[in-house]
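Engineer: The structure's right below; bear with me while I get my questions together.
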Amino acid sequence: MSDAASGHMAGRLEDHRFLTGAGCYTADINDPRQLHMAVVRSSHGHAEITSISFAEASAMPGVAGIHVEADIYADDLGPMPCIATFPAVMALVVPPRPALARGRVRHVGDPVAIVIAETPEAATAAAEMVEIGYRSLPAVVGTAAALESGAPQIWDEAPGNLAFRAEKGDRDATVSAFEKAAYTVELDIVNNRVMAAPVEPRAGIGRFDPETGVLELMATVQGVHGIRRQLAYDIFRVPEEQIKVVAPDVGGGFGLKNFLYPEWILLLWAARRHCRPIKWVAERSEDHAAAVHGRDIVTKARLALDANGRFLALQAELAANMGAYLSAAGPNAATNASGTAMGGIYDIPLIYTQSVGVFTNQSPIDAYRGAGKPEANFIIERLIDVAARRCGFDPVELRLLNAIDRYPHVTAQGMILDSGRFRRNIEDAVRHCDRAGFEERREASRRAGKLRGLGFGCFIETSRGVPREGAEVRFTPAGRVELRVGTESNGQGHETTYIQIASRRLGLPEGMFDYIQADTSEVRDGHGHGGARSMHMGGGTMVLALDEVIEKARRVAATLLQTGPDAIVHMDGLFTIPGSGRAVTLLDVAAVVRNADVAPDLVETGLDTYTRRENVPFTFPNGCHVAEVEVDPDTGSVEILRYIIVDDYGTLINPQLTEGQVQGGIAQGIGQALAELVAYENGSGQLLSGTFMDYTVLRAGHLPGFETHLESVPTTVNALGVKGSGQAGAIGAPQTVINAVLDALTPLGIDHIQMPAGPQTIWQAIHAAQSEQNRIPGR
């Protein structure tokens with residue numbers, strides 16, 4: 001039974017330590033022997049390194065060493081890998097990416113040297129004294145500019161700055177459908193470059209044990225096992241056992257902390273070189289310039305409709321800005337991930353997509369909350385609103401007409417949808433937003449000199465991430481139960497939800513459980529955070545392990561109660577023979593097994609159980625959002641008056657945590673729609689949004705109160721029936737808000753605008769539309 005059904009609303013177990021200052025983050029941890037690292041970074045967008053001089057810096061007090069690329073790679077370290085795989089019509093080009101720039105810098109913030117010193121202040125002071133000679137080269141930012149003939153070439157290995165070319169779907173059939181269509185609409189769509197901006201910047205501590213040869217990285221990461229594999233096999237070329245990766249508390253990530261960074265390599269190399277722990281904590285400006293960014297995909301999209309408004313075909317040409325290097329999973333957003341959600345919640349018989357990856361002189365791109373799914377949903381939702389206005393349809397009725405409503409459903413790009421409430425979400429959203437009374441509210445705004453709009457946006461998420469996961473349950477001699485799961489929390493509340501699940505499944509008090517994560521020496525394997533996968537993959541796998549524990553214990557209980565296992569019933573931590581009055585507790589069974597009194601087949605492991613799932617299907621969170629906005633035509637400013645959420649996440653383990661996840665994602669999605677933009681200067685490649693003075697993150701006062709309606713259609717592909725909620729808000733919000741803004745601007749003849757739709761952008765669109773109307777004879 002879900003919390004929604006049971007009425008149980010458990011608070012977060014983590015909150016007490018976080019709110020009382022007892023959280024333990026990487027920056028809080030210190031070793032008495034530690035040294036500190038500062039990174040010397042490029043101030044150029046594109047340049048050759050002509051000289052590096054650090055004699056004066058080396059002589060400064062407290063400096064233990066200054067190292068450049070030649071020092072690092074004298075130890076035969078490998079280049080940083082790109083692990084993305086997808087069917088391609090032009091093979092993926094992966095230029096070598098060293099941890100320190102080799103001969104040339106390719107974006108502002110590119111690391112060039114490191115300073116190791118006794119204190120962070122000494123390291124920073126010395127880093128400022130390192131003198132680097134550069135010969136500036138032309139820089140190119142933005143996909144269109146990088147693809148132009150004669151654009152500066154960033155890599156010899158990638159002529160024309162192309163990193164890859166991929167396609168999916170039946171091109172000829174799609175073209176034919178467009179030729180036969182009664183209506184077609186086409187849009188150029190920009191998914192703007194944004195940054196995750198977690199509360200906690202990146203930080204790490206590298207350690208080396210000279211006796212064992214083990215390198216240990218403690219860092220703000222979200223996937224310890226994947227990072228360990230890359231460090232071991234690709235970088236240091238040692239067995240996995242010689243690398244340990246652990247993450248303490250992590251203060252937000254949103255994808256940014258999933259990946260291998262140059263700093264993780266440099267910390268370990270320096271720890272081994274100096275035989276002392278090395279600590280590094282990023283300045284906020286370093287993360288703005290050198291951590292991965294998200295989105296940055298421009299698309300030419302087309303939708304074909306028949307005379308009644310039925311969708312016939314969708315075509316999308318995506319150009320994805322990869323930045324100067326390929327981050328570990330960077331190409332996935334424009335290929336694998338977007339393909340899973342292309343077409344959204346609609347029954348579209350034919351979908352054909354082409355995608356190219358493009359190198360530019362910007363920081364690398366990788367997964368950011370949703371990674372490809374926000375872009376795909378935005379494409380179809382914008383096309384629908386434009387089709388409705390240009391072809392004479394009602395935007396809500398057009399959605400209802402084409403929404404998938406029979407399951408299982410196989411999409412044009414091969415996804416098998418097992419469940420959903422796509423049409424019902426729309427119908428409920430219409431009812432909750434009082435659409436019938438909107439025109440009266442619009443007129444009231446007009447009289448006040450404002451423009452009011454009502455926008456709808458649907459979404460589908462393809463939740464899973466890596467399709468395999470492990471979970472382990474251990475009973476300790478102290479009588480506690482440990483849950484060791486390969487997924488990782490960075491604020492979502494996993495300690496609460498996993499313990500809730502285990503407590504109910506085993507019938508033991510929540511206070512008896514310990515949750516262990518994000519440590520390669522404590523958790524056998526795992527695929528961390530990403531893809532809204534934790535409850536589906538980690539929780540679903542843990543339930544299988546818990547059920548196996550119960551079955552093991554049932555056999556022992558049967559022996560203790562002198563009956564067959566089939567006669568035993570387990571409920572609330574008690575094994576009983578119904579009607580007999582005879583019973584034994586799960587903890588009694590665990591103690592008996594631990595003492596090897598019975599069940600010789602369980603002597604080695606006791607009730608301890610490790611379970612692993614492979615090739616797990618996707619789940620499909622889905623919803624319909626509504627935004628009602630007012631636009632001030634004199635300033636272009638937007639006020640969101642109402643925001644309504646009607647979402648289906650399957651079974652709800654903890655509705656409060658689900659709602660929090662959804663609303664946090666919506667806040668980021670609204671930020672992308674209205675405010676956020678990582679901006680670079682054309683020609684120089686200079687970062688123009690290097691601080692929060694220049695990069696707008698919305699505050700609570702910018703956001704409306706959220707009206708949340710969480711519905712439940714459980715999935716059948718995991719034991720919990722959960723679908724995943726971590727990314728959904730960021731997937732649904734951008735199109736909802738942009739559609740609302742454009743509904744407000746429709747009386748002016750404006751039906752398309754690019755994100756971020758800030759006041760200047762909106763004011764310019766209004767001014768241009770009014771100027772155009774004034775030029776038309778008779779106006």
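Engineer: Of the options Gly223, Ala444, Cys82, report the single residue whose Cα projects farthest towards the positive end of the charge dipole of the chain (beta-carbon charges: Lys, Arg +1; Asp, Glu -1).
Structural biologist: Ala444
Engineer: Within the stretch 257-398, what percent of beta bridges assigned by DSSP are antiparallel, to the nearest 5?
Structural biologist: 45 percent
Engineer: Another question about this same structure. Run the 1.4 Å probe and let me know the accessible area of Tyr233, rounded to the nearest 10 Å².
Structural biologist: My reading of the accessible area for Tyr233 is about 130 Å².
Engineer: Another question, if that's okay. Would you mind checking which residues have amide H under 5 Å from Arg104's amide H? H placed 1.01 Å from N; only 5 or more apart, or other chain.
Structural biologist: Under 5 Å from the amide H of Arg104 lie the amide H atoms of Ile49, each far enough along the sequence or on another chain.
Engineer: So how do Val238, Val485, Val199 rank on accessible area, 1.4 Å probe, biggest first, that is with the largest at the start?
Structural biologist: So, going from the largest accessible area down, we get Val199, Val238, Val485.
Engineer: With r as the distance between the Cβ atoms of His752 and Asp156 and R0 = 45 Å, compute the FRET efficiency 1/(1 + (r/R0)^6) and round to 0.05. Kindly include the intermediate steps, with their values, before the conclusion.
Structural biologist: Working: r = 39 Å, r/R0 = 0.86.
So the FRET efficiency works out to roughly 0.70.
Engineer: Let me ask something additional. At a probe size of 1.4 Å, how large is the accessible area of Ile640, to the nearest 10 Å²?
Structural biologist: 20 Å²
Engineer: How much of the calculated P(r) for the stretch 1-101 lies past 17 Å, in percent of all Cα pairs?
Structural biologist: That fraction is 77 percent.
Engineer: Continuing with this model, one more query. How much length is gained if the chain between Glu186 and His767 is pulled fully straight, taking 0.36 nm per residue apart and subtracting their Cα-Cα distance, in nm to one decimal?
Structural biologist: Result: 206.8 nm gained on full extension.
Engineer: A further question on this structure: Which order do Lys180, Lys723 take when ranked by solvent-accessible area (1.4 Å probe, heavy atoms of all protein chains), largest first?
Structural biologist: Lys180, Lys723
Engineer: Please state the relative contact order of the stretch 382-441 as a whole percent: Cα pairs under 8 Å, 6+ residues apart?
Structural biologist: Relative contact order here is 21 percent.
Engineer: Which value does Rg/Rh take for the stretch 108-202 over its C-alpha atoms, Rh per Kirkwood?
Structural biologist: Taking Rh as the inverse mean 1/r over Cα pairs, Rg/Rh reads 1.18.
Engineer: By the gyration tensor of its Cα atoms, with a ≥ b ≥ c the square roots of the eigenvalues, what is the shape of the stretch 210-252: rounded for a/c under 1.5, prolate for a/b over b/c, or oblate?
Structural biologist: It comes out oblate by the Cα gyration axes.
Engineer: Using the scaling law 2.2 N^0.38 Å as the reference, what is the normalised Cα Rg of the stretch 36-169? Present the calculation step by step, with values, prior to reporting the outcome.
Structural biologist: Numbers: Rg = 17.9 Å, N = 134, 2.2 N^0.38 = 14.1 Å.
After normalising by residue count via 2.2 N^0.38 Å, the value is 1.27.
Engineer: Towards the positive end of the charge dipole of the stretch 98-232, with charges on Cβ (+1 Lys, Arg; -1 Asp, Glu), say which of Gly206, Val105, Thr143 has the farthest Cα.
Structural biologist: Thr143
Engineer: Now for a different question. In the stretch 198-346, how does Rg compare with the Kirkwood Rh, expressed as the Rg/Rh ratio over alpha carbon atoms?
Structural biologist: Rounded to two decimals, Rg over Rh is 1.14.
Engineer: Which one of Gly540, Val281, Gly650 has its Cα pushed farthest toward the positive end of the charge dipole of the chain, where Lys and Arg give +1 and Asp and Glu give -1 at the Cβ?
Structural biologist: With unit charges placed on the Cβ atoms, the residue in question is Gly650.
Engineer: Then there is this: Can you give the extra length, in nm with one decimal, that the chain gains between Ile29 and Ala436 once fully stretched, where that is 0.36 nm per residue apart less the Cα-Cα distance? Numbers along the way, then the final one.
Structural biologist: Values: separation 407, 0.36 × 407 = 146.52 nm, distance 5.74 nm.
Here the segment from Ile29 to Ala436 would lengthen by 140.8 nm.
Engineer: A further question follows. I need to check one value: relative contact order of the chain, counting alpha carbon pairs closer than 8 Å and at least 6 residues apart, in percent.
Structural biologist: 15 percent
Engineer: In addition: State which entries of Lys300/Lys373; Lys257/Lys279; Lys168/Lys373; Lys257/Lys723; Lys244/Lys279 exceed 20 angstrom in Cα-Cα distance in the structure shown.
Structural biologist: Cα-Cα > 20 Å for Lys257/Lys723; rest within.
Engineer: Suppose the Debye formula is applied to equal point scatterers at every Cα of the stretch 639-761; what is log10 I(q)/I(0) at q = 0.11, 0.13, 0.20, 0.21 Å⁻¹?
Structural biologist: With no solvent term, the Cα-only Debye profile gives -0.49, -0.64, -1.10, -1.16.
Engineer: Right, next: Where does each of Val141, Val281 land when they are ordered by accessible area, with a 1.4 Å probe and the largest first?
Structural biologist: Result, largest first: Val281, Val141.
Engineer: Mean Kyte-Doolittle hydropathy of -0.5 or higher plus an axial Cα length of 15 Å or more: which whole DSSP H helices in the chain meet both?
Structural biologist: On the way: long enough: 262-274 (18 Å, 0.03); 373-391 (27 Å, -0.04); 422-433 (17 Å, -0.95); 494-506 (18 Å, -0.62); 540-560 (30 Å, 0.59); 655-674 (28 Å, -0.05); 728-745 (27 Å, 1.13); 759-775 (24 Å, -1.08).
Sorted by number, the helices that extend far enough and score high enough are 262-274, 373-391, 540-560, 655-674, 728-745.
Engineer: Suppose the chain between Tyr407 and Ser285 were pulled fully straight at 0.36 nm per residue; how much longer would it get relative to their current alpha carbon spacing?
Structural biologist: 39.1 nm
Engineer: Let me cross-check Thr576: its accessible surface, 1.4 Å probe, with only protein heavy atoms counted, in Å² to the nearest 10?
Structural biologist: Its accessible surface works out to 40 Å², give or take rounding.
Engineer: Let me ask something else about it. Please state, rounded to one decimal and in Å, the Kirkwood hydrodynamic radius that the stretch 420-572 gives when every pair of distinct Cα atoms enters the mean of 1/r.
Structural biologist: Hydrodynamic radius (Kirkwood, Cα only) of the stretch 420-572 equals 19.4 Å.
Engineer: Could you tell me the distance between the Cα centroids of the stretch 87-127 and the stretch 667-700, to the nearest Å?
Structural biologist: 23 Å
Engineer: Could you tell me the relative contact order of the stretch 513-626? Use alpha-carbon pairs under 8 Å, at least six residues apart, and round to a whole percent. Please list the in-between numbers first.
Structural biologist: On the way: 87 pairs, mean separation 24.9, N = 114.
So the answer I get is 22 percent.
Engineer: What percentage of the solvent-accessible surface of the chain, computed with a 1.4 Å probe over protein heavy atoms, is contributed by carbon and sulfur atoms?
Structural biologist: It is 51 percent, rounded to a whole number.
Engineer: Cα-based Rg of the stretch 146-285 per 2.2 N^0.38 Å, rounded to two decimals?
Structural biologist: That ratio works out to 1.55.
Engineer: So, one more: Calculate, for the chain, the solvent-accessible area per residue in square angstrom, rolling a 1.4 angstrom probe over the heavy atoms of the protein chains.
Structural biologist: 37 Å²
Engineer: What size of dipole, in debye to the nearest 20, comes out for the chain about its Cα centre when the only charges are +1 on Lys and Arg C-beta atoms and -1 on Asp and Glu C-beta atoms?
Structural biologist: 900 debye
The values are calculated or read from the model by the stated rules, or taken from the named source; none is laboratory data. Quick caveat: nothing in here was measured; it's all calculated off a predicted structure. For neighbour counting, all protein chains shown are included, and Cβ atoms are generated from backbone atoms with ideal geometry for every residue, glycine included. Note: accessible area is taken over every heavy atom of the protein model, side chains too, but ligands, DNA and RNA are not part of it. Shrake-Rupley method; radii C 1.70, N 1.55, O 1.52, S 1.80 Å.
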